[in-house]
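Asker: Mind having a look at this structure? Questions to follow.
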Amino acid sequence: MSAAVRLALVSLALALVACGKEETQNRGATGSTAKAAGGALQLADASRKFLLIEPVGASSGEQGRNYFGRTAFRPKALSAVTAPFPGRIAAVRVEPGQRVKAGATLFVIDSADVLTLRTSLSQARLKVRLADEVLARQNEMVKRGVGLEVERFEAEMKAREAKGELERAERNAALAGGGEGTQVQVRAPVEGVVVAVKAAPGATVQPGGEPLVEIGDPAGLWVVADAPESETAQLAKATRAEVAISALNVTLPGRIAGIAPKSDAETRRTPFYVQLEQPPAELRAGLLVRVTVFVAGAEGEIWLPVSAVLLKDGSRRVVYVEDPSGRFIARDVDVGDQRAGRVRIIKGLQPGERVVMRGGLLVDREAEQLL
């Protein structure tokens with residue numbers, strides 16, 4: 001083979017290699033991410049449509065955070081009714097969910113102690129009547145000059161003593177209410193809704209035992225939710241709250257009424273309480289709710305959706321900023337607390353910079369995961 005032929009073959013081979021490199025570069029520039037000078041990344045136009053790129057804005061507006069809880073009665077809105085006397089339950093007159101008026105009969109107890117009280121009351125009344133008769137007779141005798149003053153005075157003291165005993169007997173018997181015999185009707189101390197009934201006919205009861213009936217005041221309902229103990233400081237700064245009750249298909253305004261003084265030892269969550277501004281008439285205890293608490297952000301704070309922050313190398317938090325030429329530059333950032341799917345950027349960004357809010361994994365396929 002002549003030298004001229006060999007030279008032609010070599011030139012042809014070099015041209016083919018150059019074409020292959022150019023084709024690979026073109027293919028990379030149009031179908032995937034290509035690294036440009038200075039570490040910036042260039043994304044093909046076909047892929048850019050899957051990104052959400054927005055300018056960063058400093059905001060002092062409210063930030064919402066969601067929690068879950070339930071409706072419940074305030075402690076002072078729940079009345080627990082126990083047995084006033086030892087005995088046996090003869091009848092139960094109410095059921096859970098029933099509305100009762102103050103003074104309505106809840107249950108009936110058959111008690112020997114009640115019979116003793118009522119017997120003592122009858123005896124005290126009889127003693128007062130006899131003592132009054134003796135005093136009246138002594139007064140008449142002294143008036144006629146045939147009686148002694150000392151006997152009249154003694155009859156007067158006995159009459160006073162009998163009346164004192166009657167007053168004590170009446171106060172004791174008043175606990176048993178009206179009626180006669182061994183039965184006592186235990187009545188509702190307040191108007192409300194029967195929350196729980198633990199009384200059962202035939203059961204033996206003692207004073208000071210567990211509540212047999214619980215009555216709740218519908219006007220005393222509030223919401224009990226809990227939050228991680230690390231967020232209680234933010235709850236104390238809440239400007240307002242909204243309570244969504246799916247069972248009633250309503251969202252109601254409210255306010256933080258209080259935060260529990262300690263957290264649960266196992267879950268490390270702290271209960272807090274929300275007062276509803278206008279509770280609906282159909283509101284009842286035990287409904288599951290979602291509470292959104294709004295906290296005013298500080299002037300100049302930067303918040304991004306969590307989808308904008310990527311995690312790299314196990315600990316780096318990175319966002320991608322678009323420069324004026326359309327290239328993407330990785331920027332390390334320091335992050336703070338999260339609220340309702342958004343994260344606060346402490347350091348690394350300035351207002352006005354354009355950031356990839358969604359689709360960052362298309363720009364950087366080496367990122368491990370979203371924040």
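Asker: Restrict the check to region 221-239 and report whether at least one residue is over 19 Å from the mean Cα position of the chain (by Cα), at pLDDT below 90 and over 30 Å from Phe85 (Cα atoms).
Answerer: The answer is no; no qualifying residue exists.
Asker: When region 82-126 is examined, which residues are found to be under 12 Å from Gln185 (Cβ atoms) and in a strand (DSSP E or B)?
Answerer: Ile89, Ala90, Ala91, Val92, Thr105, Leu106, Phe107, Val108, Ile109, Asp110
Asker: Do any strands (runs of 3 or more DSSP E) lying entirely in region 307-350 carry at least 2 residues that are β-branched (Val, Ile, Thr) and open to solvent by less than 70 Å² (accessible area, probe 1.4 Å), and which ones are they? Let's see the steps before the verdict.
Answerer: Details: elements: 310-312, 316-322, 328-332, 334-339, 342-347.
Counting at least 2 such residues, we get 316-322, 342-347.
Asker: Another question, if that's okay. In this structure, does Arg240 turn out to be free of Cβ contacts under 8 Å to residues at least 24 places away in the same chain and either part of a strand (DSSP E or B) or surrounded by fewer than 17 Cβ atoms within 10 Å (Cβ to Cβ) (or both)?
Answerer: For Arg240, the condition - free of Cβ contacts under 8 Å to residues at least 24 places away in the same chain and either part of a strand (DSSP E or B) or surrounded by fewer than 17 Cβ atoms within 10 Å (Cβ to Cβ) (or both) - is not met.
Asker: All but one of (1) hydrophobic (A, V, I, L, M, F, W, C); (2) open to solvent by less than 30 Å² (accessible area, probe 1.4 Å); (3) part of a helix (DSSP H, G or I); (4) closer than 30 Å to Lys198 by Cα hold for Ala169, so report the exception by its number.
Answerer: (4)
Asker: Take the residues of region 59-68 that are open to solvent by less than 60 Å² (accessible area, probe 1.4 Å) and either modelled with pLDDT under 85 or among the β-branched types (Val, Ile, Thr) (or both): which is nearest to the chain's Cα centre (by Cα)?
Answerer: Gly64
Asker: Right, something else. For region 319-343, which residues satisfy the criterion of being without any contact (Cβ under 8 Å) to a residue 12 or more places away in the chain and at positive phi?
Answerer: Answer for region 319-343, where residues must be without any contact (Cβ under 8 Å) to a residue 12 or more places away in the chain and at positive phi: there is none.
The values are calculated or read from the model by the stated rules, or taken from the named source; none is laboratory data. What you are looking at is a predicted structure, and each value in this text was computed from that prediction instead of being measured. So basically every Cβ, Gly included, is an ideal-geometry build from the backbone, and we count neighbours across all protein chains shown. Just so you know, the surface numbers come from the protein's heavy atoms only, side chains and all, with ligands and any DNA or RNA stripped out. Shrake-Rupley method; radii C 1.70, N 1.55, O 1.52, S 1.80 Å.
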